[in-house]
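I have placed the structure first, in the form of structure tokens, so that the comments after it can refer back to it.
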Amino acid sequence: MRILHTSDWHLGKYLENQSRIEEQEKIIEDIIRVADEKEVDLVIIAGDIYDNSNPSARAEKLLYKSLKSLGKAGERVVVVIAGNHDNPERLMASTPLAYEHGIILLGSPNSRASKGRVGKHEILDAGEGYMELKVNDEKIIILTLPYPSEQRLNEALGDISDEKELQKNYSEKVGQILSNISKKFRPDTINIAVSHIFVLGGETSDSERPLQVGGGLTVDGNKLSIGAQYIALGHLHKPQRINNKEVKAYYSGSPLQYSKSEIGYSKCVYIIDVKAGEEAKLEEVLLKNRKPIEIWRCDGIDEAIDMCEKNKDRDVWAYLEIKTDEALGQSKIKDIKKIKPDILSITPIFEEVEKDDEELEALKEKNIIELFREFYMKEKKIEPTEEFMALFTEIAGEE
Ligand SMILES: [Mn+2]
């Protein structure tokens, strides 16, 4: 069986108030072309389909159109799970229309597919967190763990009355669910899993919303050691294998650069060839970057205007950083954006005044109270009051 693994489409996402929907339309056309050319049997989209829980009509239309093309009138099966950006119920709402197109949508860890026809194929068995499919004469068991928020995780674990069970941490609970459902794996079937989780040690970028404030919802890679031939993951936007040699689990990454921290590498989808009882083979198919994000560093406003003139016909997004010793006026900013509307932001970089050794020595001599008094006078242009200084002294913990 040949599988295409993609994730983190983030349909409807904006970058610094600029819509990316046209780029998304094009990149998904590319992914559909890869699926066709490679004659893929099964497509997995591992979460973060939309960028937020209330997607625009245009984003929804793009998803439906894309899934329909990927399903190819039921010739292919498409499995979609929710990520932390998706609303699980919303994602599953089109289920009544989906099955005959070969599309299975799963929102929560305890969501289940329906047995029976899916496009031209069949779901032989299904329960919470797993399904057995018959795709063109091959049988495959897919464990499905859509984004497990702590609440959804506890719901999936069912009635936990035991205090000890409740005390288990996130990673242990995810491990427990995976190990439970992995009992469905059989030697005569292809055995894979799909989830949207953050595995410890993964390399992050600036466009993933942390799964939880403080980033507590991480899973130890060892918990994924469940006998799957391949685990298709979503959440991290850089394509990567998880940091565990025993487990064949990959993040496909997002198909587009969604932040400037994603400039230094290519985006891709994975094609996996897998048979029952054999090791899965993986191929990385690179995606074309039609509109890269760039950072332009310019020495002064004139050089910045020059840079925009030179690049105005190139299809790129640009962050503009301008070395300057004065604030940039609104009219200058307007001028720049007129030349190159795809400037994402303009940041003035004020040069640090170099301090000579003598000045540094003098600074060392001063205590924090004196330094604060000088700083205050420089900023406010007046002497701080005695009360104010007393308050600062108290906070600073000095005599
Ligand atoms: Mn994401």
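At a glance:
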| item | result |
| --- | --- |
| DSSP-defined antiparallel bridges as percent of all bridges, region 2-286, nearest 5 | 50 |
| Loop-resident sites, region 353-389, for GluC sites (Glu not before Pro), counting at most 12 other Cβ within 10 Å (DSSP) | Glu354 |
| Sparsely packed trypsin sites (Lys or Arg not before Pro) within region 363-399, loop by DSSP, other Cβ within 10 Å at most 13 | Lys366, Lys381 |
| GluC sites (Glu not before Pro) restricted to DSSP loop in region 193-260 with at most 16 other C-beta within 10 Å | Glu203, Glu246 |
| Tensor-based shape of region 293-350 (alpha-carbon gyration tensor, a/c under 1.5 rounded, otherwise prolate or oblate) | prolate |
| Region 2-286: C-alpha gyration tensor shape, a/c 1.5 cut-off, then a/b vs b/c | rounded |
| For Met307, Met131, Met377, order by how many other beta-carbon atoms lie within 10 Å, fewest first | Met377, Met307, Met131 |
| Overall form of region 50-140 per C-alpha gyration tensor (a/c, 1.5; a/b vs b/c) | oblate |
| Cβ crowding within 10 Å averaged over residues, with 132-138, 391-397, 228-234, 69-75 ranked highest first | 228-234, 69-75, 132-138, 391-397 |
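Laboratory data are not the source of any read-out in this text; all were calculated from the coordinates shown. All of these numbers come straight from a predicted model, not from anything done at the bench. No Cβ is skipped: glycine too gets one built from the backbone with ideal geometry, and neighbour counts run over all protein chains shown.
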